[in-house]
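Take a look at the structure set out below.
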Amino acid sequence: MVDSTDTQDTAHNNSLSPVWYSPSSNAKSTADSNVLACKARLEVITKTTIEHFQKWCLTDKRGLQLCLHIEGIKTKLLEQMNTSTEGNSSEFTLYPATMKPHCNNLSIIATICRDIAVKTKESLKQLKALSKLPGSCNEIFYRSWELDEFIAFLTELAGRYEKEAEIRLAVAENLPHCTTRSDLIRWTSAWEYPQYVDSYVHSLFKYFNEELENRNKG
């Protein structure tokens, strides 16, 4: 005959038996969670990066138009100053009212370039922080790039943006104050022919866009 007390004790002991969880299962769950968080943030960063590059390309065109307007106005003024008595008039100025809006707009566009450079550096910092999460570095998010490739891309891009933005700010500051034709050409050319955000960067973005083609196929 089985003692009912023993049966109750056995059932009670079984209900209190510890449940063992595999450390590897916990680690995998954490890594999977990190990958999902990383991918979500990467989606935002890649979208923003493309938008910033499109905006940068627009500044190329609009900024050059403004530079040419300023150069044209200054060229005529310099010719007047050097070839006629009008240049000796008390009303003559190298800073006519018609030039001021172009100068202001060029300064705004140069500032936009600087802001793009700053925001790209911030995106880079975020990616570097994400790379420290367990499980995020070895994941292929879209086609073939791991997180390190995205970091390398933004590192290159941020550095080039920063250097080119410095040149554009210098153009906006100096072009309106040129007093020779050669200086006008030099500063306009500095905008027209970028040293850092050049054809190489456009090629980088072709690879970048190819990588992102699979973003909605995963």
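The values are calculated or read from the model by the stated rules, or taken from the named source; none is laboratory data. For clarity, every value in this text was computed on a predicted model and none was experimentally measured. Positions of Cβ are generated from backbone atoms using ideal geometry, with glycine treated the same way; all protein chains shown enter the neighbour counts.
Can you tell me which residue among Q8, Q80 is assigned to a helix (DSSP H, G or I) and at pLDDT 60 or above?
Values: Q8 fails: at pLDDT 60 or above.
None of the others qualify; the one that does is Q80.
Restricting the first residue to the range 140-157 and requiring it to be under 16 Å from K119 (Cβ atoms), which pairs with a second residue that is small (G, A, S) and not in a loop (DSSP other than H, G, I, E, B) meet a Cβ separation below 8 Å and a spacing of at least six or different chains?
Listed pairs, sorted by first residue: L154/S123.
Return yes when W145 is over 15 Å from T59 (Cβ atoms) and not in a helix (DSSP H, G or I) and no when it is not.
Spelling it out, W145 is indeed over 15 Å from T59 (Cβ atoms) and not in a helix (DSSP H, G or I).
Which of the residues spanning the range 119-133 are touching a residue at least 40 places away in the same chain (Cβ under 8 Å) and in a helix (DSSP H, G or I)?
Passing the criteria: K119, T120, K121, S123, Q126, L127, L130.
Is it the case that V201 is assigned to a loop (DSSP other than H, G, I, E, B) and at pLDDT 95 or above?
no
Which residues, taken from the range 29-70, are of a type in the set (V, I, T) and either in contact (Cβ under 8 Å) with a residue 24 or more places away in the chain or farther than 21 Å from L212 by Cα (or both)?
T30, V35, I45, T46, T48, T49, I50, T59, I70 - these are the residues of the range 29-70 that are of a type in the set (V, I, T) and either in contact (Cβ under 8 Å) with a residue 24 or more places away in the chain or farther than 21 Å from L212 by Cα (or both).
So I151 ticks every box in (1) of a type outside the set (D, E, K, R); (2) within 14 Å of P176 (Cα to Cα); (3) modelled with pLDDT of 95 or more but one. Which box is left unticked?
Tallying (1) of a type outside the set (D, E, K, R); (2) within 14 Å of P176 (Cα to Cα); (3) modelled with pLDDT of 95 or more, I151 fails exactly one: (2).
Give just the number: which of (1) surrounded by 15 or more Cβ atoms within 10 Å (Cβ to Cβ); (2) within 19 Å of F53 (Cβ to Cβ); (3) at pLDDT 95 or above; (4) not small (G, A, S) does V118 not satisfy?
Status for V118: all satisfied but (1).
Do the conditions hold for E213, that is, is it under 21 Å from K61 (Cβ atoms), surrounded by fewer than 17 Cβ atoms within 10 Å (Cβ to Cβ) and touching a Lys or Arg at 6+ places or on another chain (Cβ under 9 Å)?
Details: under 21 Å from K61 (Cβ atoms): no; surrounded by fewer than 17 Cβ atoms within 10 Å (Cβ to Cβ): yes; touching a Lys or Arg at 6+ places or on another chain (Cβ under 9 Å): yes.
No; evaluated as a whole, the condition is false for this residue.
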